[in-house]
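These notes are about the structure you will find just below.
The values are calculated or read from the model by the stated rules, or taken from the named source; none is laboratory data. Predicted, not measured: the structure shown is a model, and the values here were computed from it. Positions of Cβ are backbone-derived with ideal geometry, glycine not excepted, and every protein chain shown enters the neighbour counts.
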There are 2 protein chains.
Amino acid sequence: MPFMPPTDSMFLLAETREHPMHVGGLQLFVPPDGAGPEFARELVEGFRHNDEVSPLFRKRPADPVGLLGTTWWTQDDVIDFDYHVRHSAVPQPGRIRELLQLTSRWHSSLLDRHRPLWEAHVVEGLADGRIAVYSKVHHSMVDGVSAIRLMQKSLSFDPDATDCVPPWLLKSSRSGGGGRRLDPFGLVRGAAGVAGDVAGLVPTSLKIANEVIRDGDITLPRAPRTMLNVPVGGARRFAAQSWEIDRIQRVAKSSATTLNDVVLAMVSGALRDYLLEQNALPDDPMTAMVPVSLALRAGDSDSGGNSVGAIIVNLATDRENGSTRLEEIAYSSKQAKRILGDLSPTQILALSAAQVLPLAFGPVPGYVKYAHPPFNVIVSNVPGPKEEMYFNGARLDGMYPVSIALDGQAINITLTSRKGFLDFGIIGCRRSVPSLQRLLLHLETALAELEQSWG
Amino acid sequence: MPFMPPTDSMFLLAETREHPMHVGGLQLFVPPDGAGPEFARELVEGFRHNDEVSPLFRKRPADPVGLLGTTWWTQDDVIDFDYHVRHSAVPQPGRIRELLQLTSRWHSSLLDRHRPLWEAHVVEGLADGRIAVYSKVHHSMVDGVSAIRLMQKSLSFDPDATDCVPPWLLKSSRSGGGGRRLDPFGLVRGAAGVAGDVAGLVPTSLKIANEVIRDGDITLPRAPRTMLNVPVGGARRFAAQSWEIDRIQRVAKSSATTLNDVVLAMVSGALRDYLLEQNALPDDPMTAMVPVSLALRAGDSDSGGNSVGAIIVNLATDRENGSTRLEEIAYSSKQAKRILGDLSPTQILALSAAQVLPLAFGPVPGYVKYAHPPFNVIVSNVPGPKEEMYFNGARLDGMYPVSIALDGQAINITLTSRKGFLDFGIIGCRRSVPSLQRLLLHLETALAELEQSWG
């Protein structure tokens, strides 16, 4: 049995009923012309009847209890497909709202550690005839970005292709190993790799980060305490919606900012409106942690690099005017990236890890309650396909990342792109974040306001 | 905040991802004449729109993590009904099989300890037009028998009654306190009450039990090791089916045995056939633990007493002939009850607790693997209503208990009665007990065989 590196097992150890450590995705598909009411069931059968499961999706912890800090990976020869691949239905009236409620529930429950740590639901019953696929996989097996990439890999650009297979049947999946780490939780993992082991992670990262900060004269934006930075419960809410990339790109061009700046300005406006409704807007500006690719140093902001860092951006939520917020965000983001540009990859990783590290103290009693949060919200943008994609003739019509809520980080916003659209997925702690879906409304309001100035 | 007695908190402490400690029930209803496709949704709305939630269903542990061994109960003023009452749908083709798959999944996931420990699903989409209600509640709040009683209390004998409310809106629910404890896990709890505290439970019970056994010249039937007596995983399978009481009663009368004896003979035949299929039938006869009401001492086997004991019955699975098995079961059961008849209530409780106690050692590493099981399977029969019952005009057409699988007890069979039928619910560990639903087939085969001799 292969030894499980601490960079994997830390995600199993950190997991409790209150903190599931799996990442998920909700995909929407338009069935091909002529598909009958049996389409979802046939999809389920197709997902199940194949024994060529890739090694990654056969992996499970050898010791499911795993309280001892180390454990081993083992491989299951026989996969219980009826367990892993589930046929589900949304109740009437079959709106996206009902689908999001189901997704919230599925994402709230822990994976069974006695079998490979993944599940997929094929969902029928949407009134508009679309089919949804919700899948989840444990973060100890694969990080969020790799999970999204795997989902993409299972699709085809060819609408007539009939040889598409789900992610677990893909031939060679390098995921779960090294490689790209836009994933915020992967940062901690990546930094652990730098330091050699988990025990060395904290001092090494802090030492390097300290040097960087001292030498570079850096001051990190300080995050105020908010209702989003509290210990989380065991239930989740999930909200998701798509926005046309053209709208966002138009604002970015007119305002001479980037697509990511406009996305952050939408998030800023939405959080501001939401917190005003909750009578909970802090006086000081909130900040976002944004994972960025190291390729940024070469000025290429779209392609993933070999590793990633994180920047902390001032969201300027204290400003009333949307354009002012966008300006401050663009400035703060540029500053943060400039700093990264002066550093070596190892320094970037260390600095980024130092910024993320306070997350690791979440489970310490009282820490989240009394310490200032390192940032207020995590916003990740994972590049997706630029063309229409299909799964055996069914057209991909939405791909919403479902990430992780943590103590101190009660919501997480992750988005991914596909042809013409940005798909936002917002996961939140059900107890701490009431009416999470109102953030969708406010995201639209914030974009509309920016369009009035820059559209 | 009221202190949580160890007899409650032990069920929270014993709980892990592998051992959910909630009990459930799956009810089937035939909608009233003229009910439209909106019936399930209206039911959900009716379940949700009421703030008169009884104190029992407002209770939650004040300290959800609760690793310290003691915690407190607290009360939630605001109930998040959208969380607790869920609208769900079975996928096509909408058979009972799909419903049981959903039930298996729901029963596998842990309740959220940050809110009152219960959930209910109203399920539409069955092809036959029936509506299902699956509900679950944590064993620290209410034991299995009380849960079933609560479900009954929410029903009416009057098909025209329109004032039925779900269990959580019932005015005075005494459940969760003292009272009837046919529930096997309640035995441990009850015995803890006798001993005064959990620390004193083991020595006191064993002392009394030892005296009883020595004075009474009792030998408890020894259970062989079987594939059903292994550590369990975190996923479940649920199987359920109804049998006509008349058929079972007819065999009991002709064979001069009891209804419970015939039920145990069905279980015995089913387990024998199932284990033969799995090449896993032990040479020695298997045994069942059967909770019995103390009222048995007064010869009344149907009405619940004030407290319960447990008997261990020889299932005679080594015998090929069904009638022979029934004879041996009836003899063993009579012997066990005769012993109880000679004891004081406290002695019965202590003896029963001593029989159940090995279950408490389940979490000790290696215990289940190396020790002989105290018995092979738990079979509980919870008396239900003798007349047709309705919920606001919808006729109850099935009420299947969904119990708990434990380390060492990979299946649990619990049944309840209603007018004309016995409803069997079999919960099993998904990993240890493949093809659990075949037990339903074998239960029918076993009854049919008995009918040939005694029908």
Of the listed residues (A:82, A:160), the one being at the interface with chain B (Cβ under 9 Å from one of its Cβ atoms) and not in a strand (DSSP E or B) is A:82
Of (1) surrounded by fewer than 18 Cβ atoms within 10 Å (Cβ to Cβ); (2) part of a loop (DSSP other than H, G, I, E, B), residue B:97 satisfies every one except (2)
Exception for residue A:111 within (1) within 12 Å of another protein chain (Cβ to nearest Cβ); (2) surrounded by fewer than 20 Cβ atoms within 10 Å (Cβ to Cβ); (3) at pLDDT below 95; (4) in a loop (DSSP other than H, G, I, E, B) falls at (2)
Out of (1) within 22 Å of residue A:97 (Cα to Cα); (2) of a type in the set (A, V, I, L, M); (3) at pLDDT 95 or above, the one residue A:405 does not meet is (3)
Being in the same structural domain as residue B:136 (by TED's automatic domain parsing) and modelled with pLDDT under 90 narrows B:43, B:56 down to just B:56
Filtering the stretch A:85-96 down to residues that are within 11 Å of another protein chain (Cβ to nearest Cβ) and not small (Gly, Ala, Ser) yields A:86, A:87, A:90, A:91, A:92, A:93
Q.
Suppose the filter is facing another protein chain (nearest Cβ under 9 Å) and either in a helix (DSSP H, G or I) or at pLDDT 95 or above (or both); does residue A:150 pass it?
A. no
>> Tell me yes or no: at least one residue of the stretch A:62-78 is of a type in the set (Ser, Thr, Tyr), in contact (Cβ under 8 Å) with a residue 40 or more places away in the chain, outside any loop (DSSP other than H, G, I, E, B) and away from chain B (no Cβ under 11 Å).
In response: yes
Given the conditions (1) part of a loop (DSSP other than H, G, I, E, B); (2) within 14 Å of another protein chain (Cβ to nearest Cβ), every one holds for residue A:227 apart from (2)
For residue A:399, the lone unmet condition from (1) surrounded by fewer than 23 Cβ atoms within 10 Å (Cβ to Cβ); (2) at pLDDT 90 or above is (1)
Cβ pairs under 7 Å, 6+ apart or interchain, first in the stretch B:109-134 and within 10 Å of residue B:99 (Cβ to Cβ), second acidic (Asp, Glu), ordered by first then second residue, are B:130/B:397
Residue A:91 meets each of (1) buried (at least 16 other Cβ atoms within 10 Å of the Cβ); (2) touching a helix residue (DSSP H, G or I) at 6+ places or on another chain (Cβ under 6 Å); (3) modelled with pLDDT under 90 with one exception, condition (3)
Quiz item: In the stretch A:139-146, is there at least one residue being over 13 Å from the mean Cα position of the chain (by Cα), more than 12 Å from chain B (Cβ to nearest Cβ), over 17 Å from residue A:397 (Cα atoms) and surrounded by 22 or more Cβ atoms within 10 Å (Cβ to Cβ)?
Solution: yes
If we keep only residues of the stretch B:152-175 that are surrounded by 23 or more Cβ atoms within 10 Å (Cβ to Cβ) and of a type in the set (A, V, I, L, M, F, W, C), then the residue nearest to residue B:395 (Cα to Cα) is B:155
Residue set B:262, B:267, B:232, B:292; condition modelled with pLDDT of 95 or more, within 18 Å of the chain's Cα centre (by Cα) and surrounded by 23 or more Cβ atoms within 10 Å (Cβ to Cβ); output residue B:267
Counting only residues in the stretch A:405-426 that are outside any strand (DSSP E or B) and among the small types (Gly, Ala, Ser), the one nearest to the chain's Cα centre (by Cα) is identified as A:405
Restricting attention to the stretch A:315-333, the residues that are outside any helix (DSSP H, G or I) and of a type in the set (Ser, Thr, Tyr) number exactly 1
Residue hits (the stretch B:118-136; in contact with a His (Cβ under 7 Å, 6 or more places away or on another chain), of a type outside the set (D, E, K, R) and within 11 Å of chain A (Cβ to nearest Cβ)) are B:122
Among residues of the stretch A:138-147 being small (Gly, Ala, Ser) and closer than 16 Å to residue A:15 by Cβ, the residue modelled with the lowest pLDDT is A:144
